[in-house]
Amino acid sequence: MAFSRILRNGFGRSGGLIGNYSGKKDILSESVSAPKPHSPVTENFTVGGYFFCLSNLKQSSGINHGRRGIRTTPQYQFAHAPSVVEESDSEYESIKYPTLEATKPGEKPRVVVMGSGWAACRFLKGLDTKLYDVVCVSPRNHMVFTPLLASTCVGTLEFRSVAEPVSRIQTALSKDPNSYFFLASCNSIDTEKREVYCETVDAGGLDNEPYRFSVSYDKLVIASGADPLTFGIKGVKEHAFFLRDVSQAQEIRKKLLLNLMLSENPGMSEEEKERLLHFVVIGGGPTGVEFSGELSDFIIRDVRQRYSHVKNYIRVTLIEANEILSSFDVGLRQYATKHLTKCGVRLVRGVVKEVRPNKIVLSDGSDVPYGLLVWSTGVGPSELVKSLDLPKSPGGRIGVDEWLRVPSVEDVFAMGDCAGFLEHTGRPVLPALAQVAEREGKFLVELFNRMRRTQDWGKAFSMKDTALGDPFVYRHLGSMASVGRYKALVDLRQSKDVKGLSLAGFVSWLIWRSAYLTRVLSWRNRFYVAVNWATTLVFGRDNARIG
């Protein structure tokens, strides 16, 4: 979209957005500011429109990083840290790690946040950095605006429109001398030593890959999210695409366009064309329905014009074990079913038994050939959460009390998709929704700021016998989902058993878009989204590039 690119360039750069897809073409950002000294992030730059990243974790005799005068040593020391951690009886006792050491008396307490999702970023956004130093550890340096991910898969929106750099959400991470963002995954937590053990996403070619280090904390907030739920079905992780991150949306978009172009090659059999152009979605929740709607809209408005030779072979199938959008009002479910069917989406009720490279085997023994398979059956506990020696709630999440504290350990909190109320609280485990995570992040950051201003609270072991005020209370604001063709569903009931207002159609689509856009995205990203929608409506989707 030439027009949107011109406006983007005139409006300013978006900052560096990297994660587990860094180094790919067609990446989110076009440039990045230089990292802060002693912060283990990566330097990014562009040449000819392509994105590159350069790790500053080199362990040579010393590397001078240009104009900022950044210099790293073989021990990779932080601004005020010793080179190694002390020996312990843990699994790490025989390994020496660089560490960000504990804060000293007179220094601000350090809050370590694990993750960069809805809960973590809402917490980071509201944290008063005059009261705390903050360290964020995450394998991606941006927040993903998940409700719009499906739109990026088909070119309605560009990828940079649905991501916000963490350093823009909390500017202290790039400006304050004792606050950092670390591009890394957390492997373990030692609650006795009060340390988080991390492993960098990309060690930049170091001899001792993967590069590991540890971070000491006064307060720890675990918001590491969840993993896609596969139910242990064979072949899902190997052959299916998930839709929870920008890198996954990029891969889906690439596969979609690649199949369309391959199907036009001469000599392609009818059977192979039908397989390549059969797009299958597993899971009838909001993500599966929204992706199916976007895909059908893309086929109707764009594919049939640009790929007229194969337009009659294209099919979209949505497979669900029960009813689609089961948490929505009955009338809305019926509306969604009729709308998707009218748009050419075939709805199949079935259970997947096995996923093979080119076909799905259902429990009734039938085979479903596919060219693209998107799996969206919900989320479950991540491997990190399973491995932590912390109390668990029903469903395997980290167990928390009414104030989102993790009992039996000091100064540890958890929120978002990785956390759930313990049984003794008498509260149900909340659904893995963006609004739940965002509300938990808002509650916890207000608690942190209030307790630090009113009491000597924040340093390690300062929570004992401290009254924290009113507990967290979640009030459901309703559910929304897009079904394609500028139509959406809005269910404002507070629960499935309560009557409430339900809307469907174009007005609901406007409510859905405006409600989400005003929650988290910056004005810059809202501008990008508006320009993308306008140019898509007038000129069609920008899907000229593959790769």
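Things worth noting here:
- Between residue 383 and residue 511, the contour length at 0.36 nm per residue exceeds the Cα-Cα span by 42.4 nm.
- Here the ratio of the Cα radius of gyration of the range 349-459 to 2.2 N^0.38 Å is 1.50.
- For the range 301-456, a simple Cβ point-charge model (Lys and Arg +1, Asp and Glu -1, everything else neutral) yields a dipole of about 1120 debye relative to the Cα centre.
- Accessible surface for the range 119-241, divided over its residues, is 32 Å² per residue with a 1.4 Å probe.
- Whole-number percent relative contact order across the range 105-256, with pairs defined as alpha carbons under 8 Å at least 6 apart: 28 percent
- Length-normalised contact order for the range 332-404 - Cα pairs under 8 Å, 6+ apart - percent: 13 percent
- Label-reachable residues, the range 258-297, where backbone N falls under 18 Å from a point 7 Å from residue 231's Cα toward its Cβ: 280-289
- Dipole axis of the range 102-164 (+1 Lys, Arg; -1 Asp, Glu on Cβ), positive-most option in 106, 118, 131: 106
- Rounded to whole Hz, the Karplus (6.51, -1.76, 1.60) HN-Hα couplings of the range 226-236, x for glycine and proline: 9, 9, x, 8, 10, 6, x, 6, 5, x, 5
- Our summary of shape: the Cα atoms of the range 201-318 have principal axis extents of 61, 37, 30 Å, ordered from largest down, in whole angstrom.
- When the pairs 125/255; 254/442; 175/254; 342/496; 219/392; 125/234 are compared against a 31 Å limit on Cα-Cα distance, 125/255; 254/442; 175/254; 125/234 fall above it.
- ³J(HN,Hα), Karplus 6.51/-1.76/1.60, whole Hz, each residue of the range 218-224, x for Gly, Pro: 8, 10, 10, 10, 8, 9, 7
The values are calculated or read from the model by the stated rules, or taken from the named source; none is laboratory data. These numbers were taken from a predicted model, which means no experiment stands behind them. When we count neighbours, we look across all protein chains shown, and the Cβ atoms used for this are built from the backbone with ideal geometry, even at glycine. Quick note on the areas: whole protein, heavy atoms, side chains included, nothing else; ligands and nucleic acids left out. Shrake-Rupley method; radii C 1.70, N 1.55, O 1.52, S 1.80 Å.
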